[in-house]
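Encoded as structure tokens, the structure appears first; notes follow it.
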Amino acid sequence: MPAASVSVMPRPLLKWAGGKRQLLPTLRTFYPVAFTRYIEPFFGSGAVFFDLHASGRLAGRQAWLVDDNADLIGCYRMLMSRTDEVIAELRALAAGHNRGGSDFYYEVRDARFNPMRAAATSYTPELAAMLIYLNRTGFNGLFRLNKSGAFNVPAGRYVNPRIVDEEHLRHVVAALRSRGVTLVQGSFDGALAQAGKGDFIYCDPPYAPVSRTACFANYTSQGFTLNDQARLQEALIDAARRGAHVVLSNSSAPDIERLYSTAEARRAQLRIERVSARRAINSRAESRGPVTELVITNVLKPRMLRAGDPDQLAAARTRKRQAQV
């Protein structure tokens, strides 16, 4: 049985800018030993959710998955509720791509996807399939909107993209349909305002730019500004004060360092950890590669607990017992 469970381990449905699959070995060291509910306010590709689900750590727990991107949530919901229709539409798109390549990509993007998005009052299986197709065949798997709200990612240069992977799609559906999982379109504010003692929050917001060419935050037409980063900082400090376990990923931009080096952040026991990551999105290929990123957290690692003072250790043990009740 263990071998079979590994073979069906779900991975993210979509490629997503800043997706955390490559950083999972590092992020796992920040997962709290025990927690009650899991909250992810910037769901995106959901790499951490799928990792927690695959390891069984969400069994018997609620998971609240939130994202402000209407296309993303609409796609997930259609795949969950009308799986066979989405797969059938995706097969037709794969056949068209095999015939027309990048010409077919631009036809789908400009003549079908964007007009249908603009006119639709809700997502459909056809829109969901087109989003998956554009994600699998567009440049770097980006989701980017212009100021008018139109998807404008150019075609990627893939020799043989895997557009339809039915087994994978059904594993994603099974994970999202798991007992206790709730998928919500909404802002991070509402999700974090509900976080309380024992909850595990993982935040992966659009990264603050470390340079002009590295700036990418247009997952919605409004983007994600420094003011938004500051609002997020305040919400996480409040959640940490209420007893939530907080883990945040972000760039090593000076603005982020300043936000989480304040006296308020320190009083909430948030600390900055520097980790090595590989950045895949930059306008210049030579600028892609290993970089330093930040993990901001109040979760104590086992080795820190061993070296910590008796009061810290006792508090951590109390939190663990309370979370298991």
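Overview of results
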quantity	calculated
Charged-residue dipole, Cβ positions (Lys, Arg, Asp, Glu), region 99-159 about Cα centre, Debye nearest 20	160
Hydrodynamic radius by Kirkwood, which averages 1/r over all alpha carbon pairs of region 100-253, in angstrom	18.2
Accessible-area value, LYS15, 1.4 Å probe, nucleic acids and ligands omitted, Å²	80
Solvent exposure of region 66-125 as accessible area per residue, Å², 1.4 Å probe	48
Over region 28-147, equivalent-ellipsoid semi-axes from the Cα gyration tensor in Å	31, 15, 14
Signed unit charges on C-beta, dipole axis of region 1-124, positive-most listed residue LEU13, LEU65, PRO32	PRO32
Largest-first principal axis extents, alpha carbons of region 20-80, Å	33, 27, 18
Share of carbon and sulfur in the accessible heavy-atom surface of region 109-219 [1.4 Å probe, %]	49
Volume of the Cα convex hull of region 108-170, divided per residue and given in Å³	92
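The values are calculated or read from the model by the stated rules, or taken from the named source; none is laboratory data. Keep in mind that this is a model prediction, so the values were computed, not measured. Here the Cβ is made from the backbone with ideal geometry for all residues, glycine too, and neighbour counts use every protein chain on show. What goes into the accessible areas is simple: the full protein's heavy atoms, side chains included, and nothing from ligands, DNA or RNA. Shrake-Rupley method; radii C 1.70, N 1.55, O 1.52, S 1.80 Å.
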